[in-house]
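One structure below.
Every number in this text was worked out from the coordinates using simple rules, so none of it is lab data. Note that the structure is a prediction, hence the values are computed from the model and not measured. Every residue, glycine among them, receives a Cβ derived from its backbone with ideal geometry; neighbour counts consider all protein chains shown.
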Amino acid sequence: MKSRNSLIRTARLRVQEALSPAFRVASDFIFWPLAKRIRRNPRRWVFGHEYGEFAGNPKFLYLWLFASGDVEPHWITGSLRTCRRLRRRGWPAALRWSPRGIYLTLTAGAVFFAHRTSDVNASLVRGAFLVNLWHGVGLKAIQLGWDSGNTVRRRAKATSAIKRAFYRSFITDPDIVVTTSDFMQVHFADQFKFPPDRCPMLGYPRLDPGRDRALACLARSYDERFVLRPAGVDEAYLYAPTWRDSSRPFLEDALPDFARLDAELARRNALLYVKLHSATKERVPEGSARIVNWPPGIDIYDYLPDIDGLITDYSSIFYDFLALRSQPAVIYAFDLEDYLAKDHTLLYPFEDNVVGLWAHSFDELCDIISRGLRQPEPDARRADEIRRKFWGDDPGIASARIHNFVRARLANAPSLEPLVINRRSREQDIGR
């Protein structure tokens, strides 16, 4: 029998689910017209991420700016746990619908998010400079270029004032979408139906920890007691498959023999973390000491520069790894035909846009693991060509370029001072 507290929690969640649509519409009718009339502070920038998490490109830009002392960054979240963890570290944060969260978002000169304006608060952002930092380069159809995707379907439904209020985050376009190269600029401009100048090539902040160890240490200070390689483990591998949009189960096909995989890992004295997409319902079965789920709440981008090997498929994490590392990733494309037929549209040939150690089956994956994942890139020239295709020349810290670009766009505000970064203040803060 369920406990009394469990029944209360279930009842509370059901009430929240019932009230949420009505609250979303009512709040939008109040705040959307009001937001346009509020005077915004060009030095106040707010950030958020899907599901209330402290993660993604917004996270690393926020941390870089917090340490620079140049603007006033605030993290906005719907998660009380996230808000408390940030505040315990002295990092500015507010709950989305708290009085302070409403005030900060209504008066922010710039709003940064990784998915849609609902990452922060869709009803309060009107009149701010909206920056979509996105969440990965790659080959997939997205946004208005994906006919069966959420954005196209929700926009088609927004045919009345009430429905526009309900789907506000789907019908509100950002002012810019940050991209990474000539190729990606053309891709995102096509998918968002924007002119190229609204897709500036500024780079992704989530790669910055791989180039700035102080920033990596600052980001890791948010994690709670996580050790990548526990005592007695020589190597730490990461398996990060993308989401199957059809929600079909795939993990059993991907890893059909845990005993064999465990034995191969034992020979290497290695640990395999499995990081599934947040929308994937499957989980790694318990019982193996060497095959474990990636800890919830720990951002893989804090540790991507230091893992001993990456196994992935059609995920954009492949390109992040390629940008940061000279060693090859393992391309585990055991279900490529099913993925293309059932899950997601790829706009460019998959085989032509990836490079590394190919594993088309579980047997091939085990064979690669038995030899270790720290191997030389089999085709270094082609790897460099693909790296440049997706990342351009990638000159240094992306956060600095985004900061400069947005400050310049907000420079018509009377109170905005000339563009400058307080590097000394930043280094002192990060070094603490």
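Quick look at the numbers
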quantity	calculated
Tilt relative to the chain, helix 56-68 - C-alpha long axis, 0 to 90 degrees, to 10	60 degrees
Rg/Rh (Cα only; Kirkwood hydrodynamic radius) as it applies to the stretch 91-204	0.99
Residue 160/residue 50 FRET efficiency (R0 22 Å; Cβ-Cβ; nearest 0.05)	0.25
For the chain, Kirkwood radius (reciprocal of mean inverse C-alpha pair distance, Å)	23.1 Å
Candidates 401, 371, 96, ranked by Gaussian network fluctuation over the chain, Cα under 10 Å, top entry	371
Normalised alpha carbon radius of gyration of the stretch 235-391 [divisor 2.2 N^0.38 Å]	0.99
Sorted by Cβ neighbour density within 10 Å, fewest at the top, the residues 46, 406	406, 46
Phi to ³J(HN,Hα) by Karplus 6.51 cos²θ - 1.76 cosθ + 1.60 over the stretch 325-337, Hz, x for Gly, Pro	10, 9, 7, x, 8, 8, 8, 9, 9, 5, 10, 4, 5
GNM top mover of 206, 248, 374 - the chain, alpha-carbon springs below 10 Å	248
Cα-based shape type of the stretch 233-308, given that a ≥ b ≥ c are square roots of the gyration tensor eigenvalues and the cut on a/c is 1.5	oblate
Crossing angle, helix 380-391 versus the chain [Cα axis fit, 0-90 degrees, rounded to tens]	20 degrees
Cα-Cα pairs of the stretch 158-205 separated by more than 15 Å (percent)	49 percent
Within the chain, helix-based [θ] at 222 nm, where runs of 4 or more DSSP H residues each add -39,500 (n - 2.57), nearest 500	-12000 deg cm²/dmol
Cleavage-rule hits, trypsin sites (Lys or Arg not before Pro), the stretch 233-310, DSSP coil, Cβ neighbours within 10 Å at most 16	281, 283
For peptides 148-155, 79-86, 345-352, 215-222, sequence by mean Cβ density within 10 Å, most packed first	215-222, 79-86, 148-155, 345-352
